[in-house]
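Peer 1: One structure, pasted below without further comment.
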Amino acid sequence: MDVILCATRGGEASIRTQQRAIALAKEQGAKLVFIFVSDVSFLEHYTAPRVPAMEGEMEHLGEFLLLMAKERAEKAGVEASFVVKKGTFSTALVEAAKEFDASLMVLGRPAAHNITTLDYLENTLAKRLREEANSDMLIV
């Protein structure tokens with residue numbers, strides 16, 4: 001069975017991305033895996049004792065968002081699971097694509113103010129996914 005991996009971070013734009021991934025999984029009879037990447041590297045300049053607490057909070061937030069996504073998929077009749085990964089966005093996505101043998105990665109189109117740009121997704125991350133995980137990318 002094919003596997004579709006859908007990266008999500010919450011918010012209305014992520015729900016649209018999730019719905020597209022759910023529709024694709026249903027059309028293709030594929031299993032759907034939602035992924036949330038917890039990257040707290042931006043906290044490296046803060047006091048060390050706070051970082052583990054924030055790491056835990058980010059993971060719990062991710063789990064909550066993914067449980068809601070999983071519920072949406074299952075209501076639509078799609079088998080779904082989820083995973084929270086720690087680390088940098090691109091590395092975590094490539095590792096997950098390999099781990100789940102995903103044929104497709106679905107990502108939302110980044111907003112104009114995001115650090116992650118459309119150019120980066122289309123040219124850098126898509127290339128890594130193809131080369132390292134044999135996975136295609138769809139940006140919605």
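Peer 1: For residues that are within 16 Å of GLY10 (Cα to Cα) and not in a loop (DSSP other than H, G, I, E, B), tally how many sit in the range 101-124.
Peer 2: Final tally of qualifying residues: 2.
Peer 1: Output yes when any residue across the range 21-42 is within 15 Å of the chain's Cα centre (by Cα), surrounded by 14 or more Cβ atoms within 10 Å (Cβ to Cβ), in a helix (DSSP H, G or I) and at pLDDT below 95, and no when none is.
Peer 2: No, the range 21-42 contains no residue that is within 15 Å of the chain's Cα centre (by Cα), surrounded by 14 or more Cβ atoms within 10 Å (Cβ to Cβ), in a helix (DSSP H, G or I) and at pLDDT below 95.
Peer 1: If you don't mind, there's one more thing I want to ask. Search the range 122-140 for residues that are in contact (Cβ under 8 Å) with a residue 12 or more places away in the chain and pair each with any residue that is surrounded by 13 or more Cβ atoms within 10 Å (Cβ to Cβ) and of a type in the set (Phe, Trp, Tyr) when their beta-carbon atoms are under 9 Å apart and the residues are at least 6 apart or on different chains.
Peer 2: LEU125/PHE89
Peer 1: Could you say whether any residue in the range 104-116 is at pLDDT 95 or above, over 13 Å from the mean Cα position of the chain (by Cα), farther than 13 Å from PHE36 by Cα and exposed (fewer than 13 other Cβ atoms within 10 Å of the Cβ)? Steps first, please.
Peer 2: Step one: of the range 104-116, the residues at pLDDT 95 or above are 104-107.
Pick out the ones that are also over 13 Å from the mean Cα position of the chain (by Cα) and you get none.
No: zero hits.
The values are calculated or read from the model by the stated rules, or taken from the named source; none is laboratory data. The model shown is predicted, which means the values in this text are computed figures rather than measured ones. Positions of Cβ are generated from backbone atoms using ideal geometry, with glycine treated the same way; all protein chains shown enter the neighbour counts.
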